[in-house]
Amino acid sequence: MRIVFFNHKGGVSKTTTTFHLGWKLAERGSRVLLVDADPQCNLSGLIMQELFEEYYIDDATKNKNLMHGVNSAFQGKPEPIQSFDCYEVPNNENLFLLPGHPNLTELEPALSFSQTSNNAFATMQNLPGAFNALIEKCCEHHDIEYVLIDLNPGLSAINQNFFSISDLFIVPTNPDPFSLMAVRTLSDVLPRWYQASQQMRISFANSSYPFPTHNPKFSGVVIQRFNIRSGKPSAPYRNNMDEILAVVRNELAPELRRYNMLLEDDLYTQTVIPENYCLAEIPDFQSLLPQSHKFGVPVYALSDDQIEKSGTVLVQMIGKRTEYDEMFIQFASKIEEIKENVTS
């Protein structure tokens, strides 16, 4: 199952959510591939840590990334797209990374043109299905059960492509007015992308890399980066959260329903996803987040030593670590239940 995290607004914790959910699914026994489709490569840098630059220089690994994996198609070479050994994430044997590349945007003009040309140019007919082909081959190579895709903020052709070749999409968001504006925009953008994907499926059916039959379904929103007071989101955050969730329920979801982009109603009920489609509310990680970035593990996977505190502060942070662990257990279990019901 492919899950894409998308919101064209920046700073909504897409990378953090991708990493934390992917790690938890892998920790629970599933084989997971994280795909870094953001040219900023924040996910790749977080996971590789001090090995990041070396990975792109070393002859043994410098071509094992998302951009070079599809280069043969974009450069019109006769060599087929092939799988390779993806980066094995330390301390989690079920977790793999298909690294990004800072120059991924170089592929944007050709991909954009090919996706709107309706197969008018034979030399470009293999481009829309290229990323799908690479992911398929890497999944077969590593026996992957979940693919989690981290996108950059924006409405690019690359983002459209990855959205269209996914099974589920999750919208990460923050409780602020700009996130509200972004969610409203998605009511127009996502159905338009869905319609375009249906056309691409027909136009590129006979290419070397056919555009796949995927119908992205909305699994819900995740609200992050808010402060807690007396066990609840503080008033300004709660007000913004309620407003965003009301727009999701009353504007975004009805528009997605028109295009068959929602799961069956009973599946949301079975998975305990409320009528406002909120998958999870995850407070700000605060002082645990820098430690997470320092050691390249989720906040809930930090050891006591990695927290690097002592006394009362350590006790408090251990308590927070446990709370976040439970949040992501619940989050992961919802995704697992969706997958089980959708594929059964």
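Hey, what angle do you get for helix 235-247 against the long axis of the chain, alpha-carbon based, 0 to 90 degrees rounded to 10? For 235-247 against the chain, the angle is about 30 degrees. Over 27 Å apart at the Cα level, from the set 14/62; 309/334; 14/339; 294/339; 14/77, are 309/334; 294/339; 14/77. Measure nothing but the geometry: give the 0 to 90° angle between the long axis through the Cα atoms of 311-343 and the longest principal axis through the Cα atoms of the chain, rounded to 10°. Long axis of 311-343 versus the principal axis of the chain: about 40 degrees. Once you keep just the Cα pairs under 8 angstrom separated by 6 or more residues, what percentage relative contact order results for the chain? So the answer I get is 22 percent. Rounded to the nearest 5, the antiparallel percentage of DSSP beta bridges internal to the chain is 10%.
From the Cα gyration tensor of region 120-183, with a ≥ b ≥ c the square roots of its eigenvalues, which class applies: rounded if a/c is under 1.5, or else prolate if a/b is larger than b/c, or else oblate? In terms of gyration-tensor shape, oblate. Take the alpha carbon gyration tensor of region 83-204, find the square roots of its eigenvalues, order them as a ≥ b ≥ c, and report rounded if a/c is under 1.5; if not, report prolate when a/b exceeds b/c, else oblate. Oblate, because a/c is 1.5 or more while a/b does not exceed b/c. Ranking 16, 46, 90 by how far each Cα lies toward the positive end of the dipole of the chain (charges on Cβ) leaves 16 at the top. Its relative contact order, with pairs defined as Cα atoms under 8 Å and 6+ residues apart, puts region 138-226 at 44 percent. Entry for region 207-344 at q = 0.11, 0.15, 0.18 Å⁻¹: log10 I(q)/I(0) = -0.56, -0.89, -1.08, Debye formula applied to identical alpha-carbon scatterers, no solvent contribution. Considering only 334, 294, 14, the mean-square fluctuation computed in a Gaussian network model of the chain, springs between alpha carbons under 10 angstrom, is largest for 294.
Quick note: the coordinates plus some simple rules give every number you see, no bench work behind them. Model, not experiment: these values are computed from the prediction. Ideal geometry is used to build each Cβ from the backbone, glycine not excepted, and the neighbour counts take in all protein chains shown.
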